[in-house]
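Presented below is the structure to which this report refers.
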Amino acid sequence: MILIGSCFGFFFAVTPAVPFMLLNRRIYLRWCSFVMGYHLLMITCLLEDLLNIKTVITGDDLTNNKKRSLIILNHRTRLDWMFVWMLHSRYKILNQLKIVLKASLKHIPCLGWGCQHAGFLFLERVWTKDQHTMKSIISYYKSCQTPISLLIFPEGTNLDDNTKRKSNDYASKQTTYNRPYDYCLHPRTTGFAYLLNTMRADNMIDNVDDVTIAYEGNFPVTELDLLKGVVPKVVHFHVKRYPINDLPQEDEKIGQWLQDCWNEKENRLKEFYTKNQFDSPSKRFNNQEIESYVRFQRRLALILWILFILFWSYCLIAYIKIKLYVLIVCLFHWVIEAFANGIIDFVCQLDENYRQTQRTIKRN
């Protein structure tokens, strides 16, 4: 359902907005973000109502505060980003949620292409390239006057025995090393500090949201585990919000702040896997009005996506023009991939050229 919904959403909901890349990029980004947000909401219905995965939320209550934020999350499995949508559906920010992903994912047909249209940030782990990419896409968000919440995994990869050993070995050689970690990896500070200060300089951030995720029962480590039916019984989230004005501005101090957060996160996770809870039940999020609203919205999203898929499935089977349209869309994106490294790079370059033209006009 996730794969089929992604493909049909990409072809028949996202791609028709492509002309607005030239006409009005603000409308283009907001429309693609809306489609992506509604698709993510549909997925939360599959997770919570079909697979019966429960959520427990503790910490700061952000349900009525949809401010622009940089979200930092520990990376326990390769599928953390999917489960965290259940949290952010309650915060009603799925439309503005963007995720930092590795660059290889952007080239996956339909899935990766759709994430590019929605404005996700793809990094190659080559600092000279990633630095320009982060600056370019934050400027694109600002130009589109679009509020965003950007999710990043500062650890860089998910936790397993191999990555834990490498992370502890690397951290032990740094002057800031304090101890080995068992429940998370040591965070990478350079990219986080640059991203934070870039968003701050462009006035694109209000808060940093520190989210800790943990699982009760078995949980999928890879996509194959999910296909085999391995799902957690309960996903626990602990949320802590930091106003941007409370954070330091120097890169070195930001790096130390992030390391302090992860040291606290390691302690929190160690305690969780002893007690199977972050805080006492009395401190858990328990707003039944919001729970009822979100339950209705995600079930409505599932129904609408099913109807959407059925309608376009019929059209795809019945009309040769629709088959031709799908072929043309694929060819267009393959050409963009070959000559512009993807649609997100292409639209960011268009936006940068537009800003340069406007600056030239003002000077003259």
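The table below gives the values:
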read-out: Whichever residue in segment 86-143 is of a type in the set (Phe, Trp, Tyr) and under 12 Å from the mean Cα position of the chain (by Cα) and, among such residues, is surrounded by the most Cβ atoms within 10 Å (Cβ to Cβ); value: Phe122
read-out: Count of residues meeting criterion [more than 20 Å from Arg125 (Cα to Cα) and assigned to a loop (DSSP other than H, G, I, E, B)] in segment 167-183; value: 10
read-out: Test: residue in segment 12-29 that is farther than 25 Å from Glu352 by Cα, outside any loop (DSSP other than H, G, I, E, B) and in contact (Cβ under 8 Å) with a residue 24 or more places away in the chain; value: yes
read-out: Qualifying position, being among the hydrophobic types (A, V, I, L, M, F, W, C) and buried (at least 16 other Cβ atoms within 10 Å of the Cβ), among Ile53, Ile4, Ile27; value: Ile53
read-out: Of residues in segment 58-83 being assigned to a loop (DSSP other than H, G, I, E, B), out of contact with any Pro (no Cβ under 9 Å at 6 or more places or on another chain) and polar (S, T, N, Q), the one nearest to Gln288 (Cα to Cα); value: Thr63
read-out: Matching option when the condition is within 30 Å of Leu185 (Cα to Cα), of a type outside the set (A, V, I, L, M, F, W, C) and surrounded by 12 or more Cβ atoms within 10 Å (Cβ to Cβ), among Tyr354, Tyr273; value: Tyr273
read-out: The one condition in (1) part of a loop (DSSP other than H, G, I, E, B); (2) buried (at least 17 other Cβ atoms within 10 Å of the Cβ); (3) under 23 Å from the mean Cα position of the chain (by Cα); (4) not charged (D, E, K, R) that Asn203 fails to fulfil; value: (2)
read-out: Condition check for Leu185: farther than 13 Å from Leu258 by Cα, in contact with a His (Cβ under 9 Å, 6 or more places away or on another chain) and buried (at least 19 other Cβ atoms within 10 Å of the Cβ); value: no
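Quick note: the coordinates plus some simple rules give every number you see, no bench work behind them. Since this is a predicted model, take the numbers as computed values, not measurements. Here Cβ is always computed from backbone atoms with ideal geometry, including for glycine, and neighbour counts include all displayed protein chains.
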